């Protein structure tokens, strides 16, 4: 999942994004962002800052560029709970949504400042 991570956009950000994917390919995993790095870990986080809940087919369609992540979110196809580190918020996307192998492709993950 760290493919396409933009470290320059994550300067001083410390956040944990947890993914709860349900359905045919259920899993829980997390991305830990700190020290300008993005690390993938299987399993839930103790205290995630952001939780993304999605059916597997929706997340796969977003990952493969079949549907736009923001459009899917706005239409209620997946949910997001929480906020990244509120002390370091701005409008720079954390992930390059155009990276062909990035599972978060099409989603504009942003820090808000």
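The values are calculated or read from the model by the stated rules, or taken from the named source; none is laboratory data. Owing to the predicted nature of the structure, the values given are computational and were not obtained by experimental measurement. Note that each Cβ is placed from the backbone with ideal geometry, even for glycine, and that neighbours are counted across all protein chains shown.
Table for the structure above
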item: Search result, residues across the stretch 33-42 that are within 18 Å of residue 82 (Cα to Cα) and loosely packed, with under 15 Cβ neighbours inside 10 Å; result: 34
item: When residues of the stretch 60-86 are limited to those that are within 27 Å of residue 35 (Cα to Cα) and surrounded by 16 or more Cβ atoms within 10 Å (Cβ to Cβ), the one modelled with the lowest pLDDT; result: 85
item: Total residues in the stretch 9-28, condition crowded, with 18+ Cβ neighbours inside 10 Å and within 18 Å of residue 82 (Cα to Cα); result: 9
